[in-house]
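Note sheet for the following structure.
The values are calculated or read from the model by the stated rules, or taken from the named source; none is laboratory data. Nothing here was measured: the structure is a model prediction, and the numbers come from that model. All Cβ positions, even for glycine, are placed from backbone atoms using ideal geometry, and neighbour counts span all protein chains on display. These area figures cover heavy atoms from the full protein model, side chains too; ligands, DNA and RNA do not enter into them. Shrake-Rupley method; radii C 1.70, N 1.55, O 1.52, S 1.80 Å.
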Amino acid sequence: VPVLFKQTLENTEMEEGESVSLRCELTKADAKVVWKKGETTLQASAKYEMKQKGTVAELVIHNAEPEDA
C-alpha cells in the first residue's frame, strides 16, 4: 500500500532570521520522509532539523533566509 499525504504542506510566511516549522501528515506511521529543496536533499544540521512522530513529519528551518523560500 503506497504512503500518501493526509495533510500536505502549507505556505508559511515568517521574518528573516526566525525559525519556521513545516509539517505534513502521512497515511502510514514512521514512513521514511526525505525533505528536498528543488533537486537538493536536505540533511539534518544546525540549519535544518527533521522530526517524525507517528504519521507527522516536521522540518524546522532555523535562522530562515530568503534563499530558503
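Within the range 44-54, if we keep just the residues that are among the basic types (Lys, Arg) and either within 12 Å of the chain's Cα centre (by Cα) or in a loop (DSSP other than H, G, I, E, B) (or both), the residue that is farthest from Asp68 (Cα to Cα) turns out to be Lys51. Residues in the range 13-69 that are in contact with a Lys or Arg (Cβ under 8 Å, 6 or more places away or on another chain), open to solvent by less than 60 Å² (accessible area, probe 1.4 Å) and of a type in the set (Ser, Thr, Tyr): Thr55 only. Filtering the range 43-69 to residues that are in contact with a strand residue (DSSP E or B) (Cβ under 8 Å, 6 or more places away or on another chain) and closer than 23 Å to Pro2 by Cα leaves Met50, Lys51, Gln52, Thr55, Val56, Ala57, Glu58, Leu59.
Only residues that are β-branched (Val, Ile, Thr) and over 18 Å from Asp68 (Cα atoms) were counted in the range 6-43, giving 3.
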